[in-house]
Amino acid sequence: MPQVVIVGGGIIGGSIAYHLALRGCTDVIVLERSEAPATGSTARSAAGVRHQFATEMNIRLSRYSIERLSRFTEEVGGYAELHQVGYLLLITDPAAWPAFQGQAELQRRLGVPTELLGPADIERLVPGTRVDDVIGATYCPLDGYCDPYGVAMGYVKRARELGVTVACDAPVTTVHRAGDRVTAVETPNGRIGCDVLVNAAGPWAGRFTEALARSASAGPPQRLRLVKGSHIVVPRIAGADNAYLMQSRDGRVVFALPFEERFTLIGTTDIAYSGDPAAVAISREEEEYLLGLANQFFRQPLSPSGIVWRYAGVRPLQDDEAANPSAVSRDYKLDLEADEGRPALLNVIG
């Protein structure tokens, strides 16, 4: 019987398996519902990484995370493909500009080389940018993007090498409990006993916690809010070799990232979603929204006929009852249940 069962073979499940094995706990099995690991929300992430956050905790976490990504191949053996091309945050709302100035000051105090730029500086940095209504921008050359699939598979591969078992085509259908203790899970391939269960099922985590709540002695399920994020890929926008964050008139921020060698990735949207996470798709309205925002900031005009690829993913977020999907917290919540002081169940929500 494995000591730990991890439900979900995405980047979170793979990372947990790897770090357990690294610390000597190799009696672990990862159960992935799909035919291969890291093919759900992990593979559909744009994987932008940045230091430009508004709170000290997130800035410090980002510094630590990006430093780890820069040494990922050396430490883990996978391929993070970290590209630190810089993030340029374009601000058009005069009321929002003082807050971004304050955030830049905080970031610099914590060792992040964030710069404040005026419209003329932006044009010199990126000549293809429209600055007609831009108030200013913040820029950090250490921000960028990475390969989320490469990171996830690096964790999974190394975990396997250290003794972890990874089983695909193995969705969990039932959870067995004895009081507050999880004793086993059922998959189409049979029953698997365990001492500790980790719910890292991503968009399916909410359904999983509902199944747990139907088990004996379980408390109320963790509330999960699914938010769809859609993206479009267009031929590389002239001069767009940096990463951009563009503030829309509705207050949201959309990014444009260099993608592969010849393309630009534009996203994302925030749409409440209640369907099957495996069947999520971009809508025409989302395409028009992303094209319209990009045309607001780039001189090179974009049209639907220029889209070479489109895709959507689902974010599994905590349901904090925010009315606007864009306002829902992106923070993770780690909910640990214990049986007589011993860990029994960990729900990773967010």
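The values are calculated or read from the model by the stated rules, or taken from the named source; none is laboratory data. Keep in mind that this is a model prediction, so the values were computed, not measured. A quick note on method: Cβ atoms are made from the backbone with ideal geometry, for glycine too, and the neighbour counts reach across all protein chains shown. For the accessible areas, the whole protein counts, side chains as well, though only heavy atoms, and no ligand, DNA or RNA atoms are used. Shrake-Rupley method; radii C 1.70, N 1.55, O 1.52, S 1.80 Å.
Test of understanding: among T165, T129, T187, which residue is hydroxyl-bearing (S, T, Y), open to solvent by 50 Å² or more (accessible area, probe 1.4 Å) and out of contact with any His (no Cβ under 8 Å at 6 or more places or on another chain)?
T165
Going through (1) more than 27 Å from I349 (Cα to Cα); (2) touching a residue at least 40 places away in the same chain (Cβ under 8 Å); (3) open to solvent by less than 40 Å² (accessible area, probe 1.4 Å) one by one, V227 falls short only on (1).
The condition of being part of a loop (DSSP other than H, G, I, E, B), under 23 Å from V185 (Cα atoms) and not polar (S, T, N, Q) holds for R33. The number of residues in segment 62-76 being open to solvent by less than 70 Å² (accessible area, probe 1.4 Å) and touching a helix residue (DSSP H, G or I) at 6+ places or on another chain (Cβ under 9 Å) comes to 5.
The listed residues are V314, V254, and the only one of them that is farther than 30 Å from C194 by Cα, in a strand (DSSP E or B) and open to solvent by less than 30 Å² (accessible area, probe 1.4 Å) turns out to be V254. For segment 77-115, the tally of residues that are open to solvent by less than 10 Å² (accessible area, probe 1.4 Å) and either part of a loop (DSSP other than H, G, I, E, B) or modelled with pLDDT of 95 or more (or both) stands at 7.
Out of all the residues in segment 285-311, which are small (G, A, S) and surrounded by fewer than 17 Cβ atoms within 10 Å (Cβ to Cβ)?
Result: G292, S303, S305, G306.
Could you list, in sequence order, the residues of segment 11-45 that are touching a residue at least 12 places away in the same chain (Cβ under 8 Å), small (G, A, S) and open to solvent by 20 Å² or more (accessible area, probe 1.4 Å)? Once the filter is applied, which keeps residues that are touching a residue at least 12 places away in the same chain (Cβ under 8 Å), small (G, A, S) and open to solvent by 20 Å² or more (accessible area, probe 1.4 Å), segment 11-45 yields S15, S34, A36, G40, S41, A43, S45.
Among the residues making up segment 136-150, those that are in contact with a Phe, Trp or Tyr (Cβ under 7 Å, 6 or more places away or on another chain) and more than 16 Å from A256 (Cα to Cα) are G136, G150.
Scoring S326 on the criteria (1) hydroxyl-bearing (S, T, Y); (2) open to solvent by less than 70 Å² (accessible area, probe 1.4 Å); (3) in a loop (DSSP other than H, G, I, E, B) leaves a single failure, condition (3). For segment 230-242, taking the residues that are in a loop (DSSP other than H, G, I, E, B) and surrounded by fewer than 22 Cβ atoms within 10 Å (Cβ to Cβ), the one that is modelled with the lowest pLDDT is identified as G239.
Close contacts from segment 166-187, counting a first residue that is part of a strand (DSSP E or B) and a second that is of a type in the set (D, E), with Cβ to Cβ under 8 Å and a gap of 6+ residues or different chains, come to V166/E32; A167/E32; T174/E186; V175/E186; H176/E186; R181/D339.
Can you tell me which residue within segment 136-165, out of those that are in a loop (DSSP other than H, G, I, E, B) and within 20 Å of the chain's Cα centre (by Cα), is farthest from L116 (Cα to Cα)? Before you say what the answer is, go through the steps one by one.
Step one: of segment 136-165, the residues in a loop (DSSP other than H, G, I, E, B) are 141-143, 146-147, 162-164.
Adding the requirement that they be within 20 Å of the chain's Cα centre (by Cα) leaves 142-143, 146-147.
On the way: L142: 15, D143: 15, C146: 25, D147: 28 Å.
Only one residue tops the list, namely D147.
Within segment 257-274, the residues that satisfy the criterion of being surrounded by fewer than 21 Cβ atoms within 10 Å (Cβ to Cβ) and either of a type in the set (G, A, S) or under 23 Å from D320 (Cβ atoms) (or both) are D270, I271, A272, Y273, S274. All of (1) touching a residue at least 40 places away in the same chain (Cβ under 8 Å); (2) more than 22 Å from G48 (Cβ to Cβ) hold for A323 with one exception: (1). Residue pairs whose Cβ atoms lie under 8 Å apart, separated by 6 or more positions or on different chains, with the first residue in segment 70-86 and of a type in the set (V, I, T) and the second in a helix (DSSP H, G or I) and at pLDDT 95 or above, are T73/G154; V76/Y18; V76/G154; V76/Y155; V76/R158.
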